[in-house]
1. Can you return the aspartates and glutamates within cross-link range of Lys123? Criterion is Cα-Cα under 18 Å, with same-chain partners fewer than 8 residues away left out.
2. Rg and Dmax of segment 2-160, Cα atoms, in Å?
3. Quick one: what Rg and Dmax do you get for segment 14-102 from the alpha carbons, in Å?
4. Classify segment 1-48 as rounded, prolate or oblate, taking a ≥ b ≥ c as the square roots of the eigenvalues of its Cα gyration tensor: rounded when a/c is under 1.5, otherwise prolate if a/b is larger than b/c and oblate if not.
5. Find the relative contact order for segment 170-361 and round it to a whole percent, using C-alpha pairs within less than 8 Å whose residues are 6+ positions apart.
6. Kirkwood Rh over alpha-carbon pairs of the chain, then Stokes-Einstein at 4 °C and 1.567 mPa s: what D in µm² s⁻¹, rounded to an integer?
7. Pull up the cross-link candidates among the aspartates and glutamates for Lys40, meaning alpha carbon to alpha carbon under 13 Å and not fewer than 8 places away within one chain.
8. Enumerate the whole-percent occupancy of each 5 Å bin, from 0 to the last occupied one, for all C-alpha pair distances of segment 97-219.
Amino acid sequence: MQLTIVLELLQPTKRKEAVMFSNVREVVKNRQAIASELKKGNTKLSSAHFKQSRLPSAVKNQNIREVKALYRLFKQSESKKENMTFKDNQPICFNNQNFALDGHMISFPLYDDKVRRFVFPVKQTERLTLLNDYMKQGAKLGKASLFYRQGKWYFAVTIQTKVNQSTNKQVMGIDIGLRQLAVASVFNEQNEEINRVFHNGKQVGFIRKKYRSVRRKLGKAKQPKLIKRLGDKEQRWMTNKNHQISRQLINLAVQEQVGVIVMEKLENIRQTARSLRRVDRSLHSWAFYELQSFIEYKAKLAGIKVVYIDPKHTSQRCSSCGVVKKQQRKRNIYHCSCGNHIHADLNASRNIAQIYNEQQSA
Ligand SMILES: [Zn+2]
């Protein structure tokens with residue numbers, strides 16, 4: 001399986017950053033020059049054709065590969081444009097021979113007054129840990145690219161992993177919501193629940209309230225910069241929380257030998273959040289989406305398949321007798337005339353797993 005892991009560089013020094021920007025500008029020019037050569041019909045290109053370009057030859061060669069691929073697409077598109085044009089935020093691409101990864105340090109060549117090798121520390125995030133774990137397991141490095149977005153530098157590394165797709169039969173249904181951020185239930189092949197877990201949203205609600213009241217005060221004091229900074233801080237807090245929850249869910253899935261994780265397609269989550277104020281709704285749908293994508297990404301790394309089902313009926317159906325009725329929910333409890341009284345989000349997570357199982361046996 002091929003995976004791309006995006007690492008964030010720690011803020012480089014002004015001097016290093018100037019070199020990086022100058023190399024990005026050279027890449028733009030070089031790519032444009034390659035495109036012109038291709039238009040002229042010169043397809044046998046090498047770095048030697050672009051002596052004036054102040055870039056490491058490895059980068060020029062990688063540019064040639066990239067631009068050739070793009071040029072093919074450009075020709076196929078039958079565009080009326082004269083030729084391709086490149087935006088000024090082009091990535092600097094390296095093949096696996098030209099960059100090295102050592103713990104949290106990466107190194108690659110850039111053109112300064114001549115070609116030099118630069119070393120950069122990377123932010124020590126869970127992604128870096130994952131990447132290093134994969135390398136230890138024998139994953140192979142593919143190409144990488146350095147790019148700049150909104151004030152930060154990133155290094156995207158592609159790896160070829162040898163993940164074995166799990167053949168386990170257990171199924172985990174995960175319901176994502178507001179009061180309970182995530183409820184998971186694990187079913188075996190006989191359609192019996194063998195484990196469940198709740199991740200409630202109390203702490204998140206508390207943190208949100210705290211930030212909201214501080215923001216309100218800042219708003220009155222007309223402090224937009226501080227408000228923005230606070231928003232970023234809140235988002236980082238939530239992202240970290242989502243990392244924790246997804247990690248714990250995947251650990252449980254591995255422990256219970258889950259082969260498939262089932263979640264709802266996102267539309268339903270927006271409906272669940274309908275009762276909220278608009279500002280909160282967008283925050284929530286962003287956080288829900290992020291949690292889902294973390295679960296998916298970590299599941300895949302563990303060889304667990306991820307499936308999305310239609311959210312229709314998952315909260316209205318009784319997970320015990322299967323009847324579908326509206327308004328079965330009173331506060332957080334799902335009530336059914338069959339005698340099933342359970343936590344509404346647990347009911348939903350059970351339904352998610354069961355609906356998947358039913359679709360498989362149908
Ligand atoms: Zn029932």
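FYI, it's all coordinate maths here, none of it is from the lab. The model shown is predicted, which means the values in this text are computed figures rather than measured ones. Positions of Cβ are backbone-derived with ideal geometry, glycine not excepted, and every protein chain shown enters the neighbour counts.
1. Counting by Cα, and skipping residues close in sequence, Lys123 has these aspartates and glutamates nearby: Glu8, Glu17, Asp102, Asp133, Asp232.
2. Cα only, segment 2-160: 16.4, 49 Å (Rg, Dmax).
3. 13.7, 46
4. Working: a/c = 3.74, a/b = 1.57, b/c = 2.39.
Verdict is oblate for segment 1-48.
5. Working: 273 pairs, mean separation 53.1, N = 192.
In percent, rounded to a whole number, it is 28.
6. Details: Rh = 23.9 Å.
So the translational diffusion coefficient is about 54 µm²/s.
7. Of all the aspartates and glutamates, those that pass the test against Lys40 - Cα under 13 Å, at least 8 places apart if same chain - are Glu82.
8. Answer for segment 97-219: a P(r) of 2, 8, 11, 11, 10, 11, 13, 13, 10, 7, 3, 1, 0, 0 percent.
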